[in-house]
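Shown next, in structure tokens, is the structure this report addresses.
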Amino acid sequence: MDYDHDSVRLPYHGWEVRSHLTQVSGQGTVAAGAMLYFGEACKCHLVSCMQFADGGAAIRSIEDKATRWIDARESASESRHV
């Protein structure tokens with residue numbers, strides 16, 4: 001598997017969130033992306049472009065967005081079986 005070496009990998013509920021910075025400007029605008037893998041398959045790709053103090057804040061924000069997406073997907077899946 002070819003990994004993005006600049007990415008931050010976060011294991012979460014059996015998923016792997018691979019987040020990375022895609023653009024940084026002098027004005028503090030940072031674009032970050034996250035690919036959500038389950039097994040070896042990328043199931044979702046998220047992007048966020050906002051004003052952040054630094055790249056670390058952008059990574060934390062996209063990881064939060066990714067984990068909320070996973071939680072929502074799991075909740076929807078569980079409610080279908082009730």
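The values are calculated or read from the model by the stated rules, or taken from the named source; none is laboratory data. Only a predicted model underlies this, so the values are computations on that prediction, with no experimental measurement involved. Positions of Cβ are backbone-derived with ideal geometry, glycine not excepted, and every protein chain shown enters the neighbour counts.
Out of curiosity, is LYS43 closer than 13 Å to SER19 by Cβ, of a type in the set (Lys, Arg) and in contact with a strand residue (DSSP E or B) (Cβ under 7 Å, 6 or more places away or on another chain)? Explain how you work it out, then say what you get.
On the way: closer than 13 Å to SER19 by Cβ: no; of a type in the set (Lys, Arg): yes; in contact with a strand residue (DSSP E or B) (Cβ under 7 Å, 6 or more places away or on another chain): yes.
Against the criterion (closer than 13 Å to SER19 by Cβ, of a type in the set (Lys, Arg) and in contact with a strand residue (DSSP E or B) (Cβ under 7 Å, 6 or more places away or on another chain)), LYS43 does not qualify.
Would you say MET50 is touching a Cys at 6+ places or on another chain (Cβ under 6 Å) and not in a helix (DSSP H, G or I)? Spelling it out, it is not the case that MET50 is touching a Cys at 6+ places or on another chain (Cβ under 6 Å) and not in a helix (DSSP H, G or I).
Give the stretch 11-32 a look and list any residue that's loosely packed, with under 13 Cβ neighbours inside 10 Å and either under 17 Å from LYS43 (Cα atoms) or in contact with a Pro (Cβ under 9 Å, 6 or more places away or on another chain) (or both), or say none. PRO11, HIS13, GLY14, listed by residue number.
Look at the stretch 20-40: where a residue is within 14 Å of GLY56 (Cα to Cα) and modelled with pLDDT of 85 or more and a partner is assigned to a loop (DSSP other than H, G, I, E, B) and among the hydroxyl-bearing types (Ser, Thr, Tyr), sitting 6+ places away or on another chain with Cβ atoms under 8 Å, you get HIS20/SER7.
Filtering the stretch 41-67 to residues that are among the hydrophobic types (A, V, I, L, M, F, W, C) and either in contact with a His (Cβ under 8 Å, 6 or more places away or on another chain) or at pLDDT 90 or above (or both) leaves ALA41, CYS42, CYS44, LEU46, VAL47, ILE59, ILE62, ALA66.
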